[in-house]
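Q: The structure is given below, and queries will be raised subsequently.
The values are calculated or read from the model by the stated rules, or taken from the named source; none is laboratory data. Here the structure is a predicted model, which is why all the values come from computation and not from measurement. Positions of Cβ are backbone-derived with ideal geometry, glycine not excepted, and every protein chain shown enters the neighbour counts.
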Amino acid sequence: MPTLGGKLLGILLYMIPWADSLGFGNHLYLKYPFIQIIQLPAIPIILIERSIPFGNLLLFLLVFIGIVRNTKISYFLRFNALQALLINIGIIIISFIFQIFLDPFGNTLIIRTFSSTLLISLFSIISYSVWCCVQGKEPDLPGISNAAKLQL
């Protein structure tokens, strides 16, 4: 059973991908300002990433080397850290695809719909993962959890 500190750190680790996924909701924040409340949990991560040069990369390396590859840390925390990093890598790849292929189409309805769908999907994935951390369980995300287990 993970400790309270392990659960809290596991929850905080899932704020890394959440901070990177918030960019998909830019048009939603303008149309519905009350939705901006979903940004609150990610503020500490956003501040760290923006206050340090190459903050994204340094935070990624810190979590990967300091937590995932450290065998002295509990399996629960290492698993959640790696799973959060894998989700974050997926978000980064989707962002690149979005910028390369979809930005030329501008702010059309299809692009806004796709972006909103991504934000809602990522919110669901991260909310589920956080809920599992609160309960002290390992979140079982198809594909991602298997990849995390194979690496540990």
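Q: Name the pairs whose Cβ atoms lie under 6 Å apart, with the first residue in segment 74-86 and surrounded by 21 or more Cβ atoms within 10 Å (Cβ to Cβ), the second among the hydroxyl-bearing types (Ser, Thr, Tyr) and not in a helix (DSSP H, G or I), and 6 or more positions between them or separate chains?
A: Ala84/Tyr14
Q: Would segment 140-148 turn up any residue that is crowded, with 19+ Cβ neighbours inside 10 Å, part of a helix (DSSP H, G or I) and either at positive phi or not hydroxyl-bearing (Ser, Thr, Tyr) (or both)?
A: yes
Q: Take the residues in segment 16-46 that are aromatic (Phe, Trp, Tyr) and crowded, with 16+ Cβ neighbours inside 10 Å; name whichever of them is modelled with the highest pLDDT.
A: Once the filter is applied, the top-ranked residue is Trp18.
Q: Of all residues in segment 112-131, count the ones that are without any contact (Cβ under 8 Å) to a residue 60 or more places away in the chain, farther than 17 Å from Pro41 by Cα and hydrophobic (A, V, I, L, M, F, W, C).
A: Looking only at that region, the number is 1.
Q: Can you name the helices (runs of 4 or more DSSP H) wholly within segment 35-120 that have at least 1 residues being in contact with a Ser or Thr (Cβ under 9 Å, 6 or more places away or on another chain) and among the basic types (Lys, Arg)?
A: Numbers: elements: 43-51, 55-63, 75-97.
Qualifying helices (runs of 4 or more DSSP H): 75-97.
Q: Further question on the same structure: Go through segment 1-10 and count every residue that is surrounded by fewer than 18 Cβ atoms within 10 Å (Cβ to Cβ) and at pLDDT 90 or above.
A: 1
Q: From the list Thr108, Thr71, exactly one residue is over 26 Å from Trp131 (Cα atoms), hydroxyl-bearing (Ser, Thr, Tyr) and either at pLDDT below 90 or loosely packed, with under 11 Cβ neighbours inside 10 Å (or both). Which is it?
A: From the options Thr108, Thr71, the qualifying one is Thr108.
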